[in-house]
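Participant: Just passing along the structure, written as structure tokens.
The values are calculated or read from the model by the stated rules, or taken from the named source; none is laboratory data. This structure is a prediction, so every number in the text was calculated from the model and none was measured. Cβ coordinates were reconstructed from backbone atoms using ideal geometry, including for glycine residues, and neighbour counts include every protein chain displayed. We work out accessible area using only protein heavy atoms, side chains counted, and drop any ligands, DNA or RNA first. Shrake-Rupley method; radii C 1.70, N 1.55, O 1.52, S 1.80 Å.
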Amino acid sequence: QKEVEQDPGPLSVPEGAIVSLNCTYSNSAFQYFMWYRQYSRKGPELLMYTYSSGNKEDGRFTAQVDKSSKYISLFIRDSQPSDSATYLCAMTDMNTGFQKLVFGTGTRLLVSP
Amino acid sequence: NAGVMQNPRHLVRRRGQEARLRCSPMKGHSHVYWYRQLPEEGLKFMVYLQKENIIDESGMPKERFSAEFPKEGPSILRIQQVVRGDSAAYFCASSPPEGRQGVLDGYTFGSGTRLTVV
């Protein structure tokens, strides 16, 4: 079983839709949870990160962490064609070093005009 | 600020040759990380280096792979005697040295080197 599971998609939505992206994980030691966006042929770009459980909002993006369920989500409101990319969740295990990120496989998102 | 610079962007090697991938961290960043992204898979941690030190190489294959970050110059990921299974995108990231949140806020990836072994 992978430490971090993420549906690869693709997830296709019309412009303006609310998008929900999710990851589940098995390691209860994970404490920091990140969301990265990766455009084709580019490196991952950090969108936001949260510590432990709770919500965090940044513009159209909201990240949620439910440590009791080992489940994290990223919501994108009013999705735009420019949001079309692969979204990667990542997390860190404080026991093995917070600098080492453990990634999901990524979900490919397609937003059509 | 030029960001994390990786070169070459694309590298083609025949089986058995050596591949050398270079990474220049962002200005002010002293920590470097290498990740590998295989097709249809997420990024996998390989190694974490500081200047002249390997801090964590738990993700490095035991043979043929090595990494360095010398006092002067870029970090180098070296793959000896490449095989077809080494074909992947290799990403370098860098971060500043200070504090946990500083590291995570500043953790920046380059655009990657795409290695193709023929």
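Participant: Take B:Arg84, project a point 7 Å from its Cα along the Cβ direction, then tell me which residues of the stretch B:15-30 have their backbone nitrogen under 19 Å from it.
Facilitator: B:15-19
Participant: State to the nearest 20 debye the size of the charge dipole of the stretch A:1-73 about its Cα centre, where the only charges are +1 on K and R beta carbons and -1 on D and E beta carbons. Don't skip to the end; give the middle numbers.
Facilitator: On the way: 8 positive and 8 negative charges, 33 e Å.
Roughly 160 debye for the stretch A:1-73.
Participant: Charges on Cβ only, +1 for Lys and Arg, -1 for Asp and Glu, centred on the Cα centroid of chain B; of B:Gln80, B:Tyr33, B:Met46, which one is farthest towards the dipole's positive end?
Facilitator: With unit charges placed on the Cβ atoms, the residue in question is B:Gln80.
Participant: Using a Förster radius of 25 Å, what is the FRET efficiency between B:Arg9 and A:Asn22 based on their Cβ-Cβ separation? Nearest 0.05, please.
Facilitator: So, using R0 = 25 Å, E works out to roughly 0.20.
Participant: Sticking with this structure for a sec: Using amide H atoms built 1.01 Å from N in the peptide plane, name the residues 5+ places from B:Ala88, or on other chains, whose amide H lies under 5 Å from its own.
Facilitator: It is B:Leu115, by chain and number.
Participant: Please report, in Å, the Rg and the Dmax of the stretch B:1-100, where both are computed over Cα atoms only.
Facilitator: Every Cα atom of the stretch B:1-100 included, Rg and Dmax give 13.3, 42 Å.
Participant: Taking a threshold of 25 Å on the Cα-Cα distance, which of the pairs A:Lys67/B:Lys27; B:Lys27/B:Lys51; B:Lys27/B:Lys71; A:Lys67/B:Lys44 fall above it? Walk me through the numbers on the way to the answer.
Facilitator: Numbers: A:Lys67/B:Lys27 36 Å; B:Lys27/B:Lys51 14 Å; B:Lys27/B:Lys71 14 Å; A:Lys67/B:Lys44 23 Å.
A:Lys67/B:Lys27, as the Cα separations exceed 25 Å there.
Participant: Before I look further, what does the stretch A:8-75 give for accessible area per residue, probe 1.4 Å, in whole square angstrom? Could you put the intermediate results ahead of the total?
Facilitator: Values: 3320 Å² over 68 residues.
With the other protein chains kept in place, the stretch A:8-75 gives 49 Å² per residue.
Participant: Leaving out ligands, DNA and RNA, and with a 1.4 Å probe, what % of the accessible surface on chain B is carbon or sulfur? List each step's numbers first, then the result.
Facilitator: Working: 2650 of 5930 Å².
Of all accessible area on chain B, carbon and sulfur atoms account for 45 percent.
Participant: Interface size between chain A and chain B, please: total buried accessible area, 1.4 Å probe, rounded to the nearest 100 Å². Spell out each step's value before the answer.
Facilitator: Values: alone 6210 and 6880 Å², together 11130 Å².
Chains A and B together bury roughly 2000 Å² of accessible area.
Participant: Something else about it: Along the positive direction of the dipole of chain A (beta-carbon charges: Lys, Arg +1; Asp, Glu -1; about the Cα centre), which of A:Leu74, A:Ser26, A:Ser53 reaches farthest?
Facilitator: About the Cα centre, the residue reaching furthest to the positive side is A:Ser26.
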